[in-house]
1. Ranked highest first by average number of other Cβ atoms within 10 Å, how do 52-65, 113-126 line up?
2. At what distance in angstrom do the alpha carbon centres of segment 209-279 and segment 51-100 lie from each other?
3. For labels at residue 128 and residue 145 in the simple 7 Å Cα→Cβ model, what's the distance in nm?
4. Determine the alpha carbon to alpha carbon distance for each of 170/268; 131/268; 136/246; 246/273; 127/170; 131/244 and list only those over 24 Å.
5. Relative to the present Cα-Cα distance, how much length would full extension add between residue 53 and residue 186 at 0.36 nm per residue of separation?
6. Modelling each spin label as a point 7 Å along the Cα-to-Cβ direction, I'd like the residue 268/residue 218 distance in nm, to one decimal.
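Just so it is clear, none of the values below were taken in a lab; they were calculated from the coordinates. Since the structure is predicted, the reported quantities are computational estimates derived from the model, not experimental observations. Counting neighbours? That spans all protein chains shown, and the Cβs are built from the backbone with ideal geometry, glycine included.
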Amino acid sequence: MRWLIPPTCEMDATMVNRNSLLVATLAILSTATQVRASEGWYPTFEDAQAESERSGRPLLIHFHATFCGPCRQMAQQVFSQPDVQRQLRDGIVAVEVDVSERRDLAGQFGVATVPRDVVVMPGQAPKTLAKGFQSKAAYLRLLASISPDEVRFAATDKSAPNQQLAVQEKIIGLDGFCPVRLMRDREWISGREDLAETHRGITYYFSSSAERQEFRRTPEEFTPENLGCDPVVLYSNLRAVTGKIKYGAFFDSQLYLFETVENRETFKENPLKFTRIRHAVKVDDLKGQRFN
């Protein structure tokens with residue numbers, strides 16, 4: 001059995017010495033302009049903080065490091081995307097902070113690992129929104145959650161519950177990662193929203209038209225078992241609870257997602273117990289985060 005290890009391993013920001021930092025900096029010097037995205041971000045923390053205080057807009061701080069692989073992957077796959085850059089400028093004051101250069105800020109905000117996103121809402125204490133790698137779809141949801149328009153709409157518009165329900169009807173599979181690249185190549189590549197395909201009520205994003213076409217031919221080969229529901233919960237409690245990609249595992253060339261790491265360990269002890277019975281799960285049965 002192979003564990004499914006997403007690129008969300010958090011790099012320890014407190015364990016880097018000057019020599020390793022120098023090596024990492026030299027190694028990426030030639031591609032630095034390619035992997036760091038500047039559109040949508042304020043140039044310094046002080047500039048962003050001042051603008052947030054002046055305008056009353058939320059301050060979003062993305063902590064990263066030059067030595068961090070998942071951080072560079074987010075720069076390439078997420079922060080380079082025009083729709084992400086637009087949303088960074090839409091009612092939000094956003095800034096990137098390299099913890100190897102600003103250890104003072106890492107200490108101030110309690111950041112021991114990267115990548116990490118922290119928001120400071122006007123008049124409120126800092127709040128950690130995300131740890132580890134975030135796909136484009138996940139990061140867009142994060143940005144939407146702190147948008148002043150989103151907060152105001154939810155608080156004042158009486159039709160908000162119905163409209164929010166309509167938004168939730170679109171369930172994004174595998175948190176926006178391309179299922180073909182994951183199942184075929186074991187690679188974590190973010191899909192594109194304009195290359196989408198819906199299968200059994202769940203929408204998947206693809207990194208290329210060729211991969212979407214391959215998915216259309218045999219979709220069952222590229223989707224998690226039981227619509228991504230935790231097989232341990234399904235077997236033990238007959239409840240369809242969606243698992244998380246960070247707790248996934250491959251068994252017999254099939255992908256299984258688990259709600260907790262403990263459930264994954266239980267599955268590992270006797271996988272046949274949880275896989276020999278086929279469950280007819282429908283998308284309306286899903287409970288939990290409603291994301292695979």
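1. Working: 52-65: 20.0, 113-126: 17.6.
Descending packing order for the listed peptides: 52-65, 113-126.
2. Here the two parts' Cα centres lie 33 Å apart.
3. 1.3
4. Working: 170/268 32 Å; 131/268 26 Å; 136/246 16 Å; 246/273 22 Å; 127/170 27 Å; 131/244 14 Å.
Going by Cα-Cα distance, 170/268; 131/268; 127/170 fall outside the 24 Å limit.
5. Values: separation 133, 0.36 × 133 = 47.88 nm, distance 4.42 nm.
That pair, residue 53 and residue 186, stretches by 43.5 nm at full extension.
6. Between residue 268 and residue 218, the label points sit 2.9 nm apart.
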